[in-house]
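Student: Mind having a look at this structure? Questions to follow.
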Amino acid sequence: MAGPRTGGRRQQPTLAQLRAFSAVADHLHFRDAAAAIGMSQPALSSAVSALEDVLGVTLLERTTRKVLLSPAGERLAVRAKAVLKEVGALMEEAEAVRAPFTGALRLGVIPTVAPYLLPTVLRLVHDRYPQLDLQVHEEQTGSLLDGLTVGRLDLLLLAVPLGMPGVVELPLFDEDFVLVTPPGHRLGGREGIPREALRELNLLLLDEGHCLRDQALDICREAGRRDAPVSTTAAGLSTLVQLVAGGLGVTLLPRTALKVETTRSDQLLTGSFAAPAPARRIALAMRAGAARGAEYEELAAALREALRSLPVRVCDTEAPEVSEVSA
């Protein structure tokens, strides 16, 4: 069926219609889609129906029990999302042109960074950028990258490298890992621990999905360990440290977490590795070509200075790094 015409010209879809259809395509449920975009269910249903009339195609297959995308809906959902993404970029660029460091900045942070760096980040933003509306979202790396890609998030604070095409990394600092043990452990409190010691240790890890877990496993592999220690895991570093204090094993902590986490118990010792110690790099990450890219680079430079009081090695002269598409 042909779409309606106005004054001899074909009627165009509205952004509200595209947003409603995109939400239904994501959720395949009218109530959930309406809640996701803050629209009433009748209004959302009406907007999708109006879009079908405008386009002259059936986008959804509706039954009493579920909603499915039609073949046409599958194809056009991709286009609708692309249009909405470009409109979002247009609004972002307009906001950046009006005044830098104003309006909303949606910052995603991984859980193994948030409790230890956010006080510094929030203090910097409050003091230097008082007109910036910083909105913080703590999520695991995969979710953060998805949010950055679709435009739900503007900037990420996380461990790199990411290997994500189209993502620019703004390195902030490197920090060493330390070994946390219960009292009486043969490596507790020692300095110059060789990495090879990790081959035989009962190492406690975070759950699947945490990049710190993957980093710990990489360190173990580099030390020559073939098996992966998975007997006990935890959802967060605080729980992990308590398991160590209870004598269930040892773990690796980044130095920025040490002060906060090890003061929770007097049943802990820390040991440092021989140089070069295993380490991780923390960076800001943004979309390549982000309209506010210059602001984010300035924020990264300011953060490097603010973080010098922490037990880290600040990346003084690092240029932005863009992840390449791997073959």
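The values are calculated or read from the model by the stated rules, or taken from the named source; none is laboratory data. Quantities reported herein were computed from a predicted structural model and do not represent experimental measurements. Reconstructed Cβ throughout: ideal geometry from the backbone, glycine too, with neighbour counts over all protein chains shown. The accessibility values were calculated without ligands, DNA or RNA, using every heavy atom of the protein model including side chains. Shrake-Rupley method; radii C 1.70, N 1.55, O 1.52, S 1.80 Å.
Student: How many residues, within the range 281-314, are closer than 19 Å to Met164 by Cβ and out of contact with any Asp or Glu (no Cβ under 6 Å at 6 or more places or on another chain)?
Tutor: Qualifying residue count for the region: 12.
Student: Considering each of Leu145, Leu172, Leu179 in turn, give the residue that is part of a helix (DSSP H, G or I), crowded, with 16+ Cβ neighbours inside 10 Å and either out of contact with any His (no Cβ under 6 Å at 6 or more places or on another chain) or modelled with pLDDT of 90 or more (or both).
Tutor: Going through Leu145, Leu172, Leu179 in turn, just one is part of a helix (DSSP H, G or I), crowded, with 16+ Cβ neighbours inside 10 Å and either out of contact with any His (no Cβ under 6 Å at 6 or more places or on another chain) or modelled with pLDDT of 90 or more (or both): Leu145.
Student: Consider Ala47 carefully, then state whether it is in contact with a strand residue (DSSP E or B) (Cβ under 9 Å, 6 or more places away or on another chain) and either of a type in the set (A, V, I, L, M) or surrounded by 15 or more Cβ atoms within 10 Å (Cβ to Cβ) (or both).
Tutor: no
Student: All but one of (1) at pLDDT 90 or above; (2) open to solvent by 40 Å² or more (accessible area, probe 1.4 Å); (3) more than 30 Å from Arg128 (Cα to Cα) hold for Ala301; which doesn't?
Tutor: Evaluating Ala301 over (1) at pLDDT 90 or above; (2) open to solvent by 40 Å² or more (accessible area, probe 1.4 Å); (3) more than 30 Å from Arg128 (Cα to Cα) leaves (3) as the failure.
Student: Now a separate question. Report the residue count in the range 188-235 for those that are part of a loop (DSSP other than H, G, I, E, B) and either more than 22 Å from Pro161 (Cβ to Cβ) or of a type outside the set (A, V, I, L, M) (or both).
Tutor: Number of matching residues: 23.
Student: For Tyr129, are the conditions met, namely being in contact (Cβ under 8 Å) with a residue 12 or more places away in the chain, under 30 Å from Leu212 (Cα atoms) and of a type in the set (Phe, Trp, Tyr)?
Tutor: no
Student: Pull out all pairs, ordered by first then second residue, where Cβ-Cβ is under 6 Å, the residues are six or more apart or on different chains, the first lies in the range 104-126 and is without any contact (Cβ under 8 Å) to a residue 60 or more places away in the chain, and the second is assigned to a helix (DSSP H, G or I).
Tutor: Once the first residue is without any contact (Cβ under 8 Å) to a residue 60 or more places away in the chain and sits in the range 104-126, its partners that are assigned to a helix (DSSP H, G or I) give Gly108/Leu144; Gly108/Gly147.
Student: Only one residue in Gly147, Gly151 is within 30 Å of Leu59 (Cα to Cα) and touching a residue at least 60 places away in the same chain (Cβ under 8 Å). Which one?
Tutor: Just a single option satisfies the conditions, and that option is Gly151.
Student: To continue, here is another question. With Glu200, Glu191 as the choices, which residue is over 26 Å from the mean Cα position of the chain (by Cα), over 30 Å from Ala290 (Cβ atoms) and modelled with pLDDT of 90 or more? Steps first, please.
Tutor: Working: Glu200 fails: modelled with pLDDT of 90 or more.
Exactly one residue qualifies, and that residue is Glu191.
Student: Any idea which of (1) in contact with a Leu (Cβ under 8 Å, 6 or more places away or on another chain); (2) without any contact (Cβ under 8 Å) to a residue 24 or more places away in the chain; (3) among the polar types (S, T, N, Q) is the one Thr239 doesn't satisfy?
Tutor: Exception for Thr239: condition (1).
Student: Shifting gears a bit: If I filter the range 311-327 down to residues being part of a loop (DSSP other than H, G, I, E, B) and surrounded by fewer than 16 Cβ atoms within 10 Å (Cβ to Cβ), which single residue comes out as modelled with the highest pLDDT?
Tutor: Quick first cut of the range 311-327, residues part of a loop (DSSP other than H, G, I, E, B) only: 311-312, 315-320, 323-327.
Then keep just the ones that are surrounded by fewer than 16 Cβ atoms within 10 Å (Cβ to Cβ); that gives 311, 316-317, 319, 324-327.
Working: Pro311: 93, Asp316: 80, Thr317: 62, Ala319: 56, Glu324: 45, Val325: 38, Ser326: 34, Ala327: 27.
The selected residue is Pro311.
Student: Just checking, how many residues over the range 63-86 are surrounded by 14 or more Cβ atoms within 10 Å (Cβ to Cβ), more than 14 Å from Thr14 (Cα to Cα) and either in contact with a Phe, Trp or Tyr (Cβ under 9 Å, 6 or more places away or on another chain) or free of Cβ contacts under 8 Å to residues at least 24 places away in the same chain (or both)?
Tutor: Count: 6.
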